[in-house]
Structures are given as C-alpha cells and as structure tokens.
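These notes are about the structure you will find just below.
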Amino acid sequence: MTPRRQQLIDGHVADTRREMLDLAFELNDLVRFALAAAKDKTHKRYYPFDPVDEGIRNWAEMRRKLGKLSQQVERANGRLGVRPFDPESPAEEDPPPAGA
C-alpha cells in the first residue's frame with residue numbers, strides 16, 4: 001500500500017463519515033418538522049378550511065425538504081458510492097512485484 005493510496009482511502013472514509021453526520025442532522029430536522037406538523041393546532045380558526053390549507057402548506061414544505069435531502073444523497077452517492085481507486089491496478093509509485 002502506497003502512502004498516496006492510503007491517503008485516498010483515509011480521505012474517502014473521512015468524507016463518508018462527515019456526509020453521514022450531515023445527513024443525520026438533516027433527517028433529524030425533517031423528523032422534527034413532521035412531528036410538529038402532525039400536532040393538532042388548538043389556535044382559533046378564522047375560516048373552516050384553515051387547517052386544510054395549513055396541511056397543504058406542510059405537505060409542500062415536506063416535499064421540498066425531502067427533495068433537497070434526496071438531491072444531497074444522490075450527490076454524495078456519486079462521489080462516495082465508489083472506491084477511490086481500483087485496487088487491482090498497480091500504482092505508479094508501487095514497488096515492482098518481487099521476482100520481476
């Protein structure tokens with residue numbers, strides 16, 4: 001294992017952990033939003049459709065947040081869902097095999 005390849009591996013692992021932590025916070029925010037939206041609001045209604053309109057706004061916001069999160073996951077998957085290098089190919093800085 002060359003130092004350069006070890007750096008690639010270490011960097012990939014660190015990026016994966018950082019991205020997973022960021023996604024955990026985003027998911028936590030999404031869950032908190034959904035729980036708050038699911039609560040029965042006891043405030044005074046001015047129009048019978050106020051709760052319906054609020055529900056529609058909450059669904060639109062949930063869809064927006066999920067779309068943003070989905071895009072973030074897809075970008076991360078494109079970057080981190082593959083190995084940083086092909087382990088079967090020889091590295092230029094690798095020493096030649098013994099006996100060659």
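Taking +1 at the Cβ of each Lys and Arg and -1 at the Cβ of each Asp and Glu, which of Y46, V73, A24 sits farthest along the dipole of the chain towards its positive end, judged by Cα position relative to the Cα centre?
Positive-end residue among those listed: Y46.
Pop out the carbon and sulfur fraction of the accessible area of the chain as a percent, whole number, probe 1.4 Å. Don't jump to the answer; show the numbers that get you there.
On the way: 4900 of 8460 Å².
The value for the chain is 58 percent carbon and sulfur by accessible area.
What is the magnitude of the charge dipole of the range 1-57 about its Cα centre, with +1 placed on the Cβ of each Lys and Arg, -1 on the Cβ of each Asp and Glu, and no other charges, expressed in debye to the nearest 20? Numbers along the way, then the final one.
Values: 10 positive and 10 negative charges, 19 e Å.
The calculated dipole for the range 1-57 is roughly 100 debye.
Any lysines with Cα under 21 Å of the K65 Cα? List them, leaving off those in the same chain fewer than 8 positions away.
Cα-Cα hits under 21 Å: K39.
What is the distance, in nm, between label points placed 7 Å from the Cα along the Cα-to-Cβ direction at D86 and at Q6?
2.5 nm
How many percent of the alpha carbon pairs in the chain exceed a separation of 24 Å?
Working: 2601 of 4950 pairs.
For the chain, the share of Cα pairs beyond 24 Å comes to 53 percent.
With a 1.4 Å probe and every protein chain left in place, tell me how much accessible area D53 has, in Å² to the nearest 10.
Near enough 60 Å² of accessible area.
Go ahead and collect, in residue order, the members of the range 58-80 whose backbone nitrogen is under 14 Å from a label point 7 Å along the Cα-Cβ direction of R17.
none
May I ask you to list the aspartates and glutamates whose Cα is less than 19 Å away from that of K41, ignoring any residue fewer than eight positions away on the same chain?
The qualifying aspartates and glutamates are D50, D53, E54, E61.
The values are calculated or read from the model by the stated rules, or taken from the named source; none is laboratory data. Just so it is clear, the model here is predicted, and its values are computed rather than measured. Every residue, glycine as well, gets a Cβ built from its backbone with ideal geometry; the counts of neighbours run over all protein chains shown. These accessible areas exclude ligands, DNA and RNA; they are computed on the full protein's heavy atoms, side chains included. Shrake-Rupley method; radii C 1.70, N 1.55, O 1.52, S 1.80 Å.
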